[in-house]
Amino acid sequence: MGAMFWAIATAVFAILEIVIPGLVTIWLALAALIVTVFAGFINNPTVEFVIFAVFSLIFVIFTRPVLRRYIQKADKKFSPQMKGSEIKIEKVVNTDKQKKEYEVKFKGSIWTGTSDEFFKVGDIVKIKNFEGNKIILERK
């Protein structure tokens, strides 16, 4: 397969991790990077693939859960600090559903906000909670 193949695989897995975050493809990218280093010495596609598979399994099985726990702890510390904060409705996205969707700007980033209540652009609302990457909004 060669070092070039594994270098391209590293880049593809890294880009996939950015596009589809899930803490899986980053470990495949790291394993492919390691094989890229060894590929110049091995010159056997089967051995290269076995090394890739072994490192991938080691990274996914042993390091992913540790990092995932660390990220979840960081999320729990971050969310309570933001609850109750006041934010401004920047854009009304969809009010046809029961959960109405809005774009809100908070700490320099645009977030998707949802609420059972109707708001209009410019309204100041309060952060009630979080559901994944969405902010649950309520009246001030």
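Scanning segment 111-129 for residues that are in a loop (DSSP other than H, G, I, E, B), of a type in the set (D, E, K, R) and in contact (Cβ under 8 Å) with a residue 24 or more places away in the chain gives Lys120, Asp123.
Show the residue pairs that are 6+ apart or on different chains and have beta-carbon atoms under 8 Å apart, the first residue being within segment 16-45 and among the charged types (D, E, K, R), the second being not in a helix (DSSP H, G or I). Every condition considered, the pairs that remain are Glu17/Leu23; Glu17/Val24.
Okay, residues lined up against (1) modelled with pLDDT of 90 or more; (2) more than 25 Å from Ser115 (Cα to Cα); (3) among the polar types (S, T, N, Q); (4) in contact with a helix residue (DSSP H, G or I) (Cβ under 6 Å, 6 or more places away or on another chain):
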{"position": "Gly22", "(1), (2), (3), (4)": "no, yes, no, no"}
{"position": "Ala32", "(1), (2), (3), (4)": "yes, yes, no, yes"}
{"position": "Gly40", "(1), (2), (3), (4)": "no, yes, no, yes"}
{"position": "Leu57", "(1), (2), (3), (4)": "yes, yes, no, no"}
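If you go through segment 7-48, how many residues are closer than 19 Å to Thr63 by Cα and assigned to a helix (DSSP H, G or I)? Number satisfying all stated conditions: 17. Selection of segment 75-95 for residues being more than 19 Å from Val121 (Cα to Cα) and either at pLDDT below 70 or among the aliphatic types (A, V, I, L, M) (or both) yields Asp75, Lys76, Lys77, Phe78, Ser79, Pro80, Gln81, Met82.
The values are calculated or read from the model by the stated rules, or taken from the named source; none is laboratory data. Everything numeric here is computed off the predicted structure, so don't read it as measured data. Positions of Cβ are backbone-derived with ideal geometry, glycine not excepted, and every protein chain shown enters the neighbour counts.
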